[in-house]
1. Looking only at the stretch 272-286, count how many residues are within 18 Å of T19 (Cα to Cα) and not aliphatic (A, V, I, L, M).
2. Determine whether A295 is of a type in the set (G, A, S) and in contact with a His (Cβ under 9 Å, 6 or more places away or on another chain).
3. Given the criteria surrounded by 14 or more Cβ atoms within 10 Å (Cβ to Cβ) and either within 16 Å of ligand 1 (Cβ to nearest atom) or at pLDDT 95 or above (or both), does R75 qualify?
4. Can you find a residue in the stretch 295-317 that is small (G, A, S), surrounded by 14 or more Cβ atoms within 10 Å (Cβ to Cβ) and closer than 26 Å to L14 by Cβ?
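The values are calculated or read from the model by the stated rules, or taken from the named source; none is laboratory data. Because the structure is a prediction, the values reported are computed rather than measured. Virtual Cβ from ideal backbone geometry, glycine too; neighbours counted across all protein chains shown.
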Amino acid sequence: MSLESPVLEIDPLLDDRKTRIVVCCGSGGVGKTTTAAALGVRAAERGRTAVVLTIDPARRLAQSMGLSELDNTPREVAGIDRSAGGSLHAMMLDMKRTFDEVVVQHSDPERARAILENPFYQSLSAGFAGTQEYMAMEKLGQLRAQDAWDLIIVDTPPSRSALDFLDAPKRLGSFLDGRFIKLLMAPAKVGGRAGVKFLNIGMSMMTGTLSKVMGAGLLRDVQTFVAAMDTMFGGFRTRADATYRLLQAPGTAFLVVAAPERDALREAAYFVERLADEDMPLAGLVLNRVHGSGAAQLTAERALAAAEALEDYVAEGAEGTEEENLAGAGIVDHGAGHADSRQDRPDGTDASDRTDMTDRTGGTERLAAGLLRLHAERMQVVARERRTRDRFVSVHPEVPMVDVTALPGDVHDLEGLRAIGQELAEGRPSAA
Ligand SMILES: Nc1ncnc2c1ncn2[C@@H]1O[C@H](COP(=O)(O)OP(=O)(O)OP(=O)(O)O)[C@@H](O)[C@H]1O
Ligand SMILES: [Mg+2]
């Protein structure tokens, strides 16, 4: 028996005008972007004026939403049913451009130019750990300030851990505040090379080494860049703090997306606990890419037993054993087999004579055994996913959950997104 958890009800969440921000978090590759896009489509078609901020969407998904270029502003998505009065805009986060915009907005033109033209800006700005997370928060703050949408759905960057989204901006802050920066800036602050002798030995050795490795000119470029960033940083931090508070405000809902796998669900559990610590409102957990089977009444054990019996039969058949052995065991369904094979013959001839079909090589039996083994594997996956899920529920029985099944192909068009949205809304409890 599977453990029950409350059902996560998506439509009431999307329909509630007080819901202003939905953040889709989760560890890498679990379906955050897909879920965010699907929620966007559903919310818009249910009447919300929605915008979805995606991060690194797969190319085909981006194209289906009309996001062929990275221009860092929301564009209206074509093909949305607007009959309920809603609309959908979508954008892909362009990290570099968002960073540029921040620099331009928050420094005087001369300093902005000095930063943007600095040879280190491009590589360093993208390379800071947490830049992408920080820029996603920055963009969220901007979209909220524009006040053109009544619902903002935020995808979060691909990261190993769901917690990175909350931790990275702080980490970026401590990096910019941190020792490395002080080290680089030290000679500049105390008056260039002449000042180096006043520094402690460790530092002067470090800058000496850097200067040898990079050349004094390049080192100066780094120092200039870092000094400029440093003076801007107060602004960065203030806004990151403001966005952080926005995430705690009523009207924000976090959805944790997870695959029914141990690591993803463990991450999800950490994240749920962390949200509680931070007073950030959790709406629930989306368990994505859950496997099921239309023939769940045939257990893995019985399917495997049947496959083995069939294989034995084929092996014995080579020695001339009769099929009645198997038929007696109730494993071969002759009736169904005959009906199918008749349909397969357009000329209506009766292909039900099984010696005719298998030609004594056991082809049909082997195929059937192969299918039974595949079914057994699928049933084992289903059972494993259920155990993994139950472990999460036993730790967090209070967290509302919804399952989304694994579709046969990836999700790359509005139809696929609607199908995911439908599953999200059906609120099928995981134990069903
Ligand atoms: N329910 C599903 N059934 C089938 N395919 C799915 C499903 N959900 C997501 N996918 C596919 O899985 C892939 C990864 O999904 P997605 O990009 O949404 O994950 P992500 O969490 O955003 O990944 P990243 O951490 O890299 O940003 C995509 O190809 C997507 O189409
Ligand atoms: Mg993604």
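1. Step one: filter the stretch 272-286 for residues within 18 Å of T19 (Cα to Cα), giving 275, 279-286.
Still in the list and also not aliphatic (A, V, I, L, M): 279, 281, 284.
Count: 3.
2. Numbers: of a type in the set (G, A, S): yes; in contact with a His (Cβ under 9 Å, 6 or more places away or on another chain): yes.
Taking the combined requirement at face value, the residue satisfies it.
3. Working: surrounded by 14 or more Cβ atoms within 10 Å (Cβ to Cβ): yes; either within 16 Å of ligand 1 (Cβ to nearest atom) or at pLDDT 95 or above (or both): no.
Answer is no for this residue.
4. So far as the stretch 295-317 goes, no, none of its residues is small (G, A, S), surrounded by 14 or more Cβ atoms within 10 Å (Cβ to Cβ) and closer than 26 Å to L14 by Cβ.
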